[in-house]
Amino acid sequence: MAPASPQEWERTVRRFGDALEGLEKRSREADLLSKRGKTTRLEMLHVIGSHTSYHVGQVALLRQLLGAWPPPSGGVTW
């Protein structure tokens, strides 16, 4: 589903960036080796990073297929 407007897209990107900044701040303040259940916070961060990078790759692939790659700000072209 596409964003309804460029402003909606910008808002979504900004919210995602804010969430990552919050996660980074909390991870610097937490004991990353402490566990919640069977998983350490460090392991959870690894899963979040892997999951996010997977979806970033999907976005890049879709943009390539749509002829919208590289982005206007530049980027890796392969």
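From the list Arg28, Arg63, Arg11, the one residue that fits, being surrounded by fewer than 12 Cβ atoms within 10 Å (Cβ to Cβ) and out of contact with any Ser or Thr (no Cβ under 6 Å at 6 or more places or on another chain), is Arg28.
Of the residues making up the stretch 31-58, those that are farther than 30 Å from Trp69 by Cβ and surrounded by 10 or more Cβ atoms within 10 Å (Cβ to Cβ) are Leu32, Lys35, Thr39, Thr40, Arg41, Leu42, Glu43, Met44. Whether any residue in the stretch 21-29 is over 19 Å from the mean Cα position of the chain (by Cα) and assigned to a helix (DSSP H, G or I) is what I want to check. Scanning the stretch 21-29 turns up at least one residue that is over 19 Å from the mean Cα position of the chain (by Cα) and assigned to a helix (DSSP H, G or I).
To keep it simple, each residue is scored yes or no on (1) at pLDDT 90 or above; (2) in contact with a helix residue (DSSP H, G or I) (Cβ under 7 Å, 6 or more places away or on another chain); (3) outside any helix (DSSP H, G or I).
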| position | (1), (2), (3) |
| --- | --- |
| Leu45 | yes, yes, no |
| Gly57 | yes, no, no |
| Leu61 | yes, no, no |
| Pro70 | no, no, yes |
| Gly75 | no, no, yes |
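When Leu32 is tested against (1) free of Cβ contacts under 8 Å to residues at least 12 places away in the same chain; (2) not in a helix (DSSP H, G or I), just one condition goes unmet, and that condition is (1).
The values are calculated or read from the model by the stated rules, or taken from the named source; none is laboratory data. Only a predicted model underlies this, so the values are computations on that prediction, with no experimental measurement involved. So basically every Cβ, Gly included, is an ideal-geometry build from the backbone, and we count neighbours across all protein chains shown.
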